[in-house]
Amino acid sequence: MDATFIVERINDLFNIKNKDIYSRESGLTYQADRKVKKVGYCVNLTLETIEEARIHGVDMLVTHHDAWDEIFGLKEACIEKLAEYGISHYYNHLPLDDCDFGTNDSLLKELNLEIVKRTHELEGLYTGRVAESGEEIEFNELVNRMVNLLEEPVRYWRFNDKKVKRVGLVCGNGAPTDCLKEAVENECDVYITGECNLSTIQYAQFKRINLIVGSHTFIELFGIESLALKLNENIKELEVVRLNEGHY
């Protein structure tokens with residue numbers, strides 16, 4: 001099978017409502033002239049993850065993020081390296097944030113929280129969630145769940161003394177205060193995301209909402225892993241492997 005066949009099977013997993021947005025936010029960035037027997041997955045496309053793919057004998061790399069345009073020259077360097085190694089690359093960004101097996105839903109499932117609302121709409125896709133715990137839990141317990149799940153330290157700020165019942169989540173970059181504002185308006189006790197800045201922290205303090213911030217990479221790992229495992233279920237002869245990447 002070739003990379004195009006793999007992409008077709010991935011597309012079958014999604015309820016594509018807007019083909020223009022879907023094609024703009026996902027797809028092949030490089031297709032090698034090589035049959036695909038082994039897929040490697042991770043969150044980011046970088047020179048380092050391409051090297052990991054080569055080490056693991058991967059024919060196709062599947063990521064959540066494409067190389068970021070604002071990292072000037074990285075995308076061109078990645079394409080050059082993919083071509084050198086003969087490795088195809090596919091990414092799926094906003095559709096994976098939106099879907100019911102993607103970044104947000106997969107993380108909440110791991111945290112044992114039940115989704116009650118899809119939030120943070122962007123071009124018809126929902127990049128956030130509101131979820132609830134079956135019973136109220138201590139804030140520190142939720143922090144510990146995050147640490148154990150992500151296998152890395154998380155940053156956290158406690159701005160109220162309430163137990164946690166209702167959680168707002170934006171996997172990835174939910175640092176803008178308008179993202180936090182939506183969690184506040186949904187009466188969340190805590191807001192979880194993968195990026196923050198000074199205004200995020202100060203707005204959380206101002207609104208007395210607790211804040212947990214993991215790394216952008218590892219907070220989104222479970223979504224791309226879910227996609228890879230679904231692909232593996234649908235194509236039994238395909239080998240799938242997780243690739244290591246840095247905590248950032």
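Numbers at a glance
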quantity: Residue in segment 32-44 that is of a type in the set (D, E, K, R), out of contact with any Lys or Arg (no Cβ under 7 Å at 6 or more places or on another chain), in the same structural domain as E80 (by TED's automatic domain parsing) and over 16 Å from S88 (Cβ atoms) present; calculated: no
quantity: Filter result for G86 (more than 21 Å from the chain's Cα centre (by Cα) and at positive phi); calculated: yes
quantity: Residue list for segment 216-237, filter: farther than 22 Å from R118 by Cβ and either of a type outside the set (G, A, S) or not assigned by TED's automatic domain parsing to the domain that holds D66 (or both); calculated: T217, F218, L229, L231, N232, E233, N234, I235, K236, E237
quantity: Condition met for E233 (surrounded by fewer than 21 Cβ atoms within 10 Å (Cβ to Cβ), more than 19 Å from S133 (Cα to Cα) and in contact with a strand residue (DSSP E or B) (Cβ under 9 Å, 6 or more places away or on another chain)); calculated: no
quantity: Residue match in segment 173-186 (condition: of a type in the set (G, A, S) and under 17 Å from L111 (Cβ atoms)); calculated: yes
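Conditions (1) hydrophobic (A, V, I, L, M, F, W, C); (2) under 27 Å from R129 (Cα atoms); (3) assigned to a loop (DSSP other than H, G, I, E, B); (4) assigned by TED's automatic domain parsing to the domain that holds G168, marked per residue:
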| site | (1), (2), (3), (4) |
| --- | --- |
| E8 | no, no, no, no |
| S23 | no, yes, no, no |
| T29 | no, no, no, no |
| E52 | no, no, no, no |
| V62 | yes, yes, no, no |
| D66 | no, yes, yes, no |
| E76 | no, no, no, no |
| N104 | no, yes, no, yes |
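The values are calculated or read from the model by the stated rules, or taken from the named source; none is laboratory data. Bear in mind that the values here come from a model prediction, so they are computed numbers and not experimental data. Cβ coordinates were reconstructed from backbone atoms using ideal geometry, including for glycine residues, and neighbour counts include every protein chain displayed.
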